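Asks: First the structure, which I've put down as structure tokens, then a few questions once you've had a look.
The values are calculated or read from the model by the stated rules, or taken from the named source; none is laboratory data. Quick caveat, the model's predicted, so the values are computed rather than measured. Methodologically, a virtual Cβ is constructed for each residue, glycine included, from the backbone with ideal geometry; neighbour enumeration extends over all protein chains shown. In case anyone asks, the SASA skips ligands and DNA or RNA and just uses the protein heavy atoms, side chains included. Shrake-Rupley method; radii C 1.70, N 1.55, O 1.52, S 1.80 Å.
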Amino acid sequence: AYHALKSRASDSIRIGLAHRLDIFTPYNPDNYFDRMIAKAANDNFNWSIPNAIETGVLDVDVPFFKDIHEEMPEVKGTQDYFGFNYYTRMALEFLLPEADVKDRPSPGTREITEMGWEMYPEGFYQTV
């Protein structure tokens with residue numbers, strides 16, 4: 001779509017992505033698996049698509065489950081700007097033995113939305 005729009009429009013048209021970014025933290029910072037899954041969520045949920053557009057390579061690594069490395073040269077450089085939406089912070093807990101992940105409000109959370117999301121305005125500054 002990027003190339004089709006650019007070929008039909010003047011050079012002044014700017015095309016970009018509006019992407020959701022969330023803050024992912026380990027529910028228990030002392031737990032290796034909680035830290036690992038929070039990092040994987042940040043890398044995959046927040047950055048796999050923007051990085052693919054920047055580099056032309058989609059990298060997704062879900063520990064113990066899936067590792068994807070896909071060359072996508074046709075998407076490389078197909079945005080002129082990057083916009084983001086920030087909604088919440090999630091504390092991720094890796095549950096054993098079922099190898100499941102539970103997202104919870106962070107310990108000490110002050111307010112929760114009607115959707116059950118933590119209100120964490122400081123996260124906006126962390127995403128910028």
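Asks: Cβ-Cβ distance below 7 Å, separation of 6 or more or different chains: which pairs start in segment 102-116 with a residue that is within 21 Å of residue 40 (Cβ to Cβ) and in contact (Cβ under 8 Å) with a residue 24 or more places away in the chain and end on one that is among the aromatic types (Phe, Trp, Tyr) and open to solvent by 80 Å² or more (accessible area, probe 1.4 Å)?
Replies: From segment 102-116, no pairs qualify.
Asks: Can you pull out the residues in segment 68-120 that are closer than 22 Å to residue 22 by Cβ, among the hydrophobic types (A, V, I, L, M, F, W, C) and in contact with a Gly (Cβ under 9 Å, 6 or more places away or on another chain)?
Replies: The one that is closer than 22 Å to residue 22 by Cβ, among the hydrophobic types (A, V, I, L, M, F, W, C) and in contact with a Gly (Cβ under 9 Å, 6 or more places away or on another chain): 82.
Asks: Looking at segment 1-107, what strands (runs of 3 or more DSSP E) fall wholly within it and have at least 3 residues that are at pLDDT 95 or above and over 19 Å from residue 117 (Cβ atoms)? Let's see the steps before the verdict.
Replies: Numbers: elements: 16-26, 57-62, 66-71, 81-95, 100-104.
Counting at least 3 such residues, we get 57-62, 66-71.
Residue-by-condition table, conditions (1) surrounded by 13 or more Cβ atoms within 10 Å (Cβ to Cβ); (2) aromatic (Phe, Trp, Tyr):
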| position | (1), (2) |
| --- | --- |
| 81 | no, yes |
| 86 | yes, yes |
| 89 | yes, no |
| 92 | yes, no |
| 99 | no, no |
| 104 | yes, no |
| 112 | no, no |
| 116 | no, no |
| 123 | yes, no |
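Asks: Also: Given the criteria over 23 Å from residue 128 (Cα atoms) and without any contact (Cβ under 8 Å) to a residue 60 or more places away in the chain, does residue 12 qualify? It would help to see each step written out before you state the result.
Replies: Values: over 23 Å from residue 128 (Cα atoms): yes; without any contact (Cβ under 8 Å) to a residue 60 or more places away in the chain: yes.
Taking the combined requirement at face value, the residue satisfies it.
Asks: Restricting attention to segment 50-71, and to residues there that are touching a residue at least 12 places away in the same chain (Cβ under 8 Å), farther than 21 Å from residue 25 by Cβ and loosely packed, with under 13 Cβ neighbours inside 10 Å, which single residue is farthest from the chain's Cα centre (by Cα)?
Replies: 71
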